[in-house]
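The values are calculated or read from the model by the stated rules, or taken from the named source; none is laboratory data. Since this is a predicted model, take the numbers as computed values, not measurements. Cβ sites come from the backbone with ideal geometry, for glycine too, and all protein chains shown count toward neighbours.
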Amino acid sequence: MFTGIIQAVGKIAAIEQKGGDARLRVDTGNLDMTNVNTGDSIAVSGVCLTAVEHSASGFTADVSGETLARTTLGQRRPGDAVNLEKALTLNTPLGGHLVSGHVDGVGTVVSRETEGRSVRFRFEAPAALARYIAEKGSICVDGVSLTVNAVNGAKFEVNIVPHTLAQTTLDGFQPGSKVNLEVDLLARYLERLMLGEAAAKGESAITREFLAQHGLLK
């Protein structure tokens, strides 16, 4: 588990293709690696990876074909900057929100506008994720815990303050940039609990009548 509070910006040092998957080497920059052990989890731009080798300046991880296909890691190249966060511990301040590092889909930057010293980004999520994104709710974008300011269908907006721009890769985002998205864990589990037996059968029970019955429609 992670918090979505980025601890350092690193870069992709090398990518070695191995059939349908890959081995990724990451230069961790200023990330403190003194307490990292083989087998530990590190989030790389929102993707939870397991360190199979590590040193004071970086680590190596195997990336499955599934992860390459469902995240932006398959499009990364040596030299690309990445957001880094070590796994949450019991004494880690939970400054963001609970993040699993399991990416739900790849979104796209639609627009970028300067507002004072901050930047407002509009993203478009895959249509299947739209129902999990709520105004003033949390979302993880490339590993960064963010608050949703506005939602319109599958599009949502966030406001990035100067500190976050300076300490993450978000300042490099431009319209058309692809980003890893992880929706709020509670939203996913709540939906499945509400579906009840229909979920176990692989059926969908979310209808207007269902939403009205549970007080979710005005």
Based on what the data block shows, is LYS11 at pLDDT below 95 and more than 24 Å from ILE139 (Cβ to Cβ)? no
Yes/no for ILE133 being surrounded by 17 or more Cβ atoms within 10 Å (Cβ to Cβ), farther than 21 Å from GLU191 by Cα and under 17 Å from the mean Cα position of the chain (by Cα): no
Subset tally (residues that are surrounded by fewer than 23 Cβ atoms within 10 Å (Cβ to Cβ) and either on the phi > 0 side of the Ramachandran plot or not in a strand (DSSP E or B) (or both)) for the range 136-168: 13
Would a scan of the range 98-105 turn up a residue that is over 21 Å from GLY172 (Cα atoms), over 14 Å from the mean Cα position of the chain (by Cα) and outside any strand (DSSP E or B)? no
If we ask which residues in the range 106-124 are surrounded by fewer than 17 Cβ atoms within 10 Å (Cβ to Cβ), assigned to a strand (DSSP E or B) and among the small types (Gly, Ala, Ser), their number turns out to be 2
Residues being surrounded by 11 or more Cβ atoms within 10 Å (Cβ to Cβ) and not in a strand (DSSP E or B) - total across the range 31-54: 8
Residue tally, condition over 12 Å from ASP142 (Cα atoms) and in a helix (DSSP H, G or I), over the range 63-97: 8
Assuming ARG192 fulfils every condition listed in (1) modelled with pLDDT of 95 or more; (2) in contact with a helix residue (DSSP H, G or I) (Cβ under 9 Å, 6 or more places away or on another chain); (3) surrounded by fewer than 17 Cβ atoms within 10 Å (Cβ to Cβ) apart from one, which condition is it? (1)
Identify, please: which residue in the range 2-21 is surrounded by fewer than 20 Cβ atoms within 10 Å (Cβ to Cβ) and of a type in the set (Gly, Ala, Ser) and is, among those, farthest from PRO93 (Cα to Cα)? GLY19
Note: among LEU88, LEU24, just one is under 22 Å from LEU170 (Cβ atoms), hydrophobic (A, V, I, L, M, F, W, C), surrounded by 15 or more Cβ atoms within 10 Å (Cβ to Cβ) and at pLDDT 95 or above, namely LEU24
